[in-house]
Every structure is written in C-alpha cells, then in structure tokens.
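Working notes, beginning with the structure itself.
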Amino acid sequence: MRRLRLLTTTAGPAACAGALLLLGGAPAHAHTALEKAAPAPGATVGAGTEVVALTFGGLTPGIAPRIRVMGPDGEEIPVGQPVVTDRTTACAAVSPLPAGVITLTYTVTAGDGDAQTNAYQFEAADGTEPAGTPAACAQLSLPAPQAAGPDSAGGLGATAATAAVAGTAAVAVGGGFLAVRTLRRRRAREGGAAG
C-alpha cells in the first residue's frame, strides 16, 4: 500500500506537467486572433451558402488555416482547401450549407509555430438568400469541397494527433522513471538505517 501511494505521489506532478504541456502553455498574445468572419459568429445566413472567409490579424506565410464545418446533424460538411489572400484572409469553398446551426472550427498557426484551434456557430436558414462570395474571395479560384481526409484523428490533424500520443507517452515514461528513482532512494535509505 505504501509503494502504491509513493508511485501516485511521484507520478501525479509529472502527469500534471505533461497535461499542461499538451494543452499548451504559450501566452495568448503569441496566437493569431480571428478579427472577422463570413458568416460571422452568431449570424444568420441563407441555407445554400457556399463560401466561408476568415480574417486574422496576420497569417504565417505559407501556412493556411485548417477549416472544418459541421452541420446541425453533427455530420461534417465537405470543405475545400483554404486559399489565403493578402496574408490575412483565408477563403474556402464549402458544400451548400443545410438549414440549422452550423459549427465552424478553425486551426491557425501563429508566427512562433504554435497552433490554436477555436470554433464558433452561426445559423443557416431556409427562406433567406444564400450569402454571396465575400469580397476578399471574389477573384480567387477556390478548390472544390472535399470530405475530411484520412489524416484526421478525432478532429486533430495527423501532426497534432502524433504529438498528443508522443506527449502522453513521454508523461508516462517520465512519471515511471521518477517513481522508480524515488523508490530506489527510499529503499537505500531504509537499508542504510537498518544496517
């Protein structure tokens, strides 16, 4: 019983530190913030809308945000590869939006290489004219919508999923190492005291 308590006590702080590492400890100012969107958070647009646009304070050159759209039934709506214009706005073609509450999730990479994922909701309504193509996207040739590829795992891209698994393994190994080292020191002290 005493050994189990020791393992729990030693592994606990290591596990907490690992969880904080996985959840991200970078300051908020290091991330690129969403400045405006079309459709905007909380907005109502017509069902059948086929283009979304997200504008940020500045995007990391060469890295387009990842955009996912979920319909009111929880099914993923196909989204085309986003195209970045003027280094601030990402435009993406989507399959015509069905009526109901739509959830848009985006992952953007900041200048320091740290990725941040956020989501917001808006409504697509029948009887309302579909939203037109946002002005920033009007002259772009947007790739056709396609379903999420096999590289996503639980909403994470392959890189993020691999990092999460590696981080969990590192926490487990680190916690185990600390527990064994502490247990050996304690045994050595108990052995010295007995002798």
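Values in this text are rule-based calculations from the coordinates and carry no lab data. What you see is a predicted model; the values in this text were computed from it and never measured. All Cβ positions, even for glycine, are placed from backbone atoms using ideal geometry, and neighbour counts span all protein chains on display.
Data table
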item: Kirkwood hydrodynamic radius of the stretch 34-131, from inverse mean 1/r over distinct Cα pairs, in Å; result: 13.5 Å
item: Segments 48-60, 94-106 sorted - mean Cβ within 10 Å per residue, highest first; result: 48-60, 94-106
item: Computed FRET value (nearest 0.05) for A40 with A144, which takes r as the C-beta separation and R₀ as 35 Å; result: 0.90
item: Against the rule of thumb 2.2 N^0.38 Å, how large the Cα Rg of the stretch 81-130 comes out; result: 1.43
